[in-house]
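Step one of this worksheet: look at the structure below.
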Amino acid sequence: MTKLQTISALLGAAALSALVSSMPAKADEALDKLKAQGFARIAIANEPPFTAVKADGSVSGAGPDVARAVFKKLGVNDVVASISEYGAMIPGLQAGRHDVVTAGLFMKPERCNAVSYSEPILCDAEAFLVKKGNPKGFKSYQDIAKDEKATIGAPGGGTEERLALEAGVPRERVIVVPDGQSGLKMLQDGRIDTYSLPVLSINDLVKKANDPNIEVIAPVQGAPVYCDGAAFRKGDTALRDEFDKVLAEMKKSGEFAKIVEPYGFSAEAALSTTRDKLCAAK
Amino acid sequence: MEWDWAFVVQILPTLIEGVKITIIATLLGSVLAAIVGLVIAIVRRSKNRLISMPMGFVAEFIRGTPLLVQLYFIFYVLPDLGITLSPLVAGVIGLGLHYGTYTAEVYRAGIDNVARGQWEAAKACNLSPLQTWTQIIMPQALPPMIPALANYFIAMFKETPLLSAITVLELMNQARSIANYNYRYIEPITMVGAFFLVISIVSVIGLRWLERRYGKID
């Protein structure tokens, strides 16, 4: 073999092995792979208290903390997070960029079709952030649809964007906001009339902003309480089942409540519902 | 991962809405860049260094910082100073100012290219500075510049996806929101690439024509 042939043969072998490793892993293979690499790659959004990156770069927030604890019990020592847009999380998961999404990605039927969710982890209702006194009197997404000039900011691909569109707010009045800080700024500057996020995220944002001219409307009328779960690739149900098993134990032992309650989440809410119920809800 | 033509057909109207905004932003940005560039070029030629030096500094400053940073500044920081621009206006200003600093160099080269004798002849004929610029220098300087300017405008066209960072619903942002909603990237992003390619190729053909028509210096 000439040198060139050797190189191309090696490249071919590398490509082949990359191809094989990217195929959906069967049963425990997925878990074994995570154990071998020593960490699970999670997708987060940096939206406290669901997910947060601290000033020193470490990852916290209720979602990653629960995932970290569960994975530790499964023998995977750590989680490595990458920050992503909500809308990019499921495609990123499918493309093999993440092993699991633990970002407060609420269960909705169409998402349940795209990924394998674990049992519920973090539950929250929706809220509006508005200027002091709620000048346009928003109480529900329908109110925004009715007001022909009102604009709403929402995370791109997030539940709130979907809720607003489904309530009949036209596309050009649903402003896709890249992150919480920009949403707050755009509200303060009067570029949007309201900014919608889950209650706990909005409260966290308001606390940080410390601005007397804004206020929170929560919960939004007509918007249901949502729960997220850890989202795995469609084929990774075996890994998901292992995750569920440990999660159920932690819920029973009270360890789960100890992790999520300091963040303001209700462990009770997560215990009172199931994946099947949430995925069936319309 | 398979290609779904039905999905492409379904998202096409939304993407075309985005293309419109992309083209509007490019056209307005080009007009602004052409004007800003001319102003910068003329001011920088001033013999009074108190005028030419600060303008030179401003132009170098804008050229030396990334367009994305400038867009963020115009969109998110200016409101603190009481200037709140709509996303598209902010985007057009960003593109126009940024590319204006590049087109200024094109103008400079074009003006420098006019033979010295033309300036002297204008002076000898007792033409005012305004007359010299508008009647003598610019008519000779502009045609050779047209292909080079158009080149920058095509480059600007390909930079417009940056406007999605400041919430302009142009082609890239429309594609992303489609992808976010349907969990599919392959079709929307491929279509974005295709749209840009088609428009660029058409523009390049136009550019070739401009080069043949105006590019020759005789």
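None of the figures in this text is laboratory data; all of them are computed from the coordinates on show. Just so it is clear, the model here is predicted, and its values are computed rather than measured. Don't worry about glycine lacking a Cβ; one is built from the backbone with ideal geometry, like all the others, and counts go over all protein chains shown.
Of the residues A:ASN213, A:ASN77, A:ASN46, the one that moves most in a GNM of chain A with alpha-carbon contacts below 10 Å is A:ASN213.
Can you tell me the orientation of helix A:3-22 relative to chain A, as the angle in degrees between its alpha-carbon axis and the longest Cα principal axis, to the nearest 10? Its long axis makes an angle of about 50 degrees.
The calculated FRET efficiency for the pair A:ASP56 and B:TYR214, based on their C-beta separation and a Förster distance of 60 Å, comes to about 0.55. Remark: spin-label model distance B:ALA155-A:ASP189 equals 2.7 nm, labels positioned 7 Å along the Cα→Cβ axis.
Amide H to amide H, with H built 1.01 Å from N, A:LEU105 comes under 5 Å of A:GLY229, counting only residues 5 or more places away or on other chains.
3J(HN,Hα) along region B:149-156: 5, 4, 4, 5, 5, 5, 4, 5 Hz, from the Karplus curve 6.51 cos²θ - 1.76 cosθ + 1.60 with θ = phi - 60°, whole Hz, x for Gly and Pro. Residue-wise HN-Hα couplings along region A:86-93, as the Karplus relation 6.51 cos²θ - 1.76 cosθ + 1.60 with θ = phi - 60° gives them from phi, are 4, x, 8, 5, 5, x, x, 5 Hz; Gly and Pro carry x.
Label zone of B:TRP133 (point 7 Å out along Cα→Cβ, amide N under 19 Å): in region B:13-47 this covers B:31-47. Dipole magnitude for region A:118-272: computed about the Cα centre from +1 point charges on Lys and Arg Cβ and -1 point charges on Asp and Glu Cβ, it is near 380 debye.
If you wrap the tightest convex hull around every Cα atom of the protein assembly as shown and split its volume per residue, you get 221 Å³.
Remark: region A:126-217 carries a charge dipole of roughly 180 debye about the Cα centre, counting +1 on each Lys and Arg Cβ and -1 on each Asp and Glu Cβ.
Cross-link reach is defined here as a Cα-Cα straight distance under 23 Å, omitting same-chain residues fewer than 8 places apart; for B:LYS123 the lysines meeting it are B:LYS47.
Working from label points 7 Å from Cα in the Cα-to-Cβ sense, the A:GLN142 to B:ASP4 distance is 3.1 nm.
Once every DSSP H run of n ≥ 4 in chain B is given -39500 (n - 2.57) and the sum is divided by its residues, what mean residue ellipticity at 222 nm do you get, rounded to the nearest 500 deg cm²/dmol? Working shown, then result.
On the way: 8 runs with 159 residues, N = 218.
After summing the helix terms and dividing by residue count, I get -25000 deg cm²/dmol.
Selection among A:GLY254, A:SER82, A:VAL225 by position relative to the dipole of chain A gives A:SER82 as farthest towards the positive end (Cβ unit charges, Cα centre).
Within the listed set B:PHE57, B:PHE195, B:PHE157, the Gaussian network model of chain B (springs between alpha-carbon atoms below 10 Å) gives the highest mean-square fluctuation for B:PHE57.
By how many degrees, 0 to 90 and rounded to 10, does the Cα axis of helix B:87-112 deviate from the longest principal axis of chain B? Roughly 40 degrees, rounded to the nearest 10.
Using 1/(1 + (r/R0)^6) with R0 = 25 angstrom and r between the beta carbons of A:GLU261 and A:LYS72, what's the FRET efficiency to the nearest 0.05? Walk me through the numbers on the way to the answer.
Details: r = 19 Å, r/R0 = 0.77.
With R0 = 25 Å, the Cβ-Cβ based efficiency is 0.85.
Among the listed pairs A:LYS108/A:LYS131; A:LYS72/A:LYS258; A:LYS251/A:LYS277; A:LYS35/A:LYS72; A:LYS136/A:LYS207; A:LYS54/A:LYS251, a Cα-Cα separation exceeding 21 Å is found for A:LYS108/A:LYS131; A:LYS136/A:LYS207; A:LYS54/A:LYS251.
A simple rule links phi to the HN-Hα coupling: the Karplus curve 6.51 cos²θ - 1.76 cosθ + 1.60 with θ = phi - 60°, which for region A:238-254 gives 5, 4, 4, 5, 4, 4, 4, 4, 5, 4, 4, 4, 5, 5, 5, 6, x Hz, with x for Gly and Pro. Applying a 4.7 Å Cβ-Cβ cutoff to the protein assembly as shown, the cysteines left without a disulfide-compatible partner are B:CYS125. A Cβ-based charge dipole, computed about the Cα centre of chain A with Lys and Arg at +1 and Asp and Glu at -1, lands at about 340 debye. Take the Cα of A:SER82, go 7 Å toward its beta carbon, and the backbone nitrogen atoms of region A:215-249 under 15 Å from that spot belong to A:233.
Put simply, the amide H of A:ALA81, placed in the peptide plane, has neighbours under 5 Å in A:ILE42, leaving out anything fewer than 5 places away on its chain.
Kirkwood radius and radius of gyration were both taken over the C-alpha atoms of region B:5-214, and their ratio Rg/Rh is 1.07. With the simple model of a label 7 Å out from the Cα in the direction of the Cβ, A:GLU268 to A:LYS252 spans 2.2 nm. From the Kirkwood radius over Cα pairs of chain A, Stokes-Einstein at 4 °C and 1.567 mPa s returns a whole-number translational diffusion coefficient of 65 µm²/s.
Between B:ILE23 and B:VAL58, what is the FRET efficiency for a Förster distance of 22 Å, r being their Cβ-Cβ separation, to the nearest 0.05? Mind dumping the intermediate values first?
Numbers: r = 29 Å, r/R0 = 1.31.
It comes to 0.15.
In straight-distance terms, cross-link reach from B:LYS20 covers every one of the lysines whose alpha-carbon lies under 18 Å from its own, apart from those fewer than eight places away in the same chain; here that gives B:LYS158.
Mind checking which of B:VAL89, B:PRO161, B:VAL114 is farthest towards the positive end of chain B's charge dipole, using Cβ charges of +1 (Lys, Arg) and -1 (Asp, Glu) about the Cα centre? With unit charges placed on the Cβ atoms, the residue in question is B:VAL114. Taking amide H atoms as placed 1.01 Å from N in the peptide plane, the amide H of A:ILE214 lies under 5 Å from those of A:LYS132, each 5 or more residues away in sequence or on another chain.
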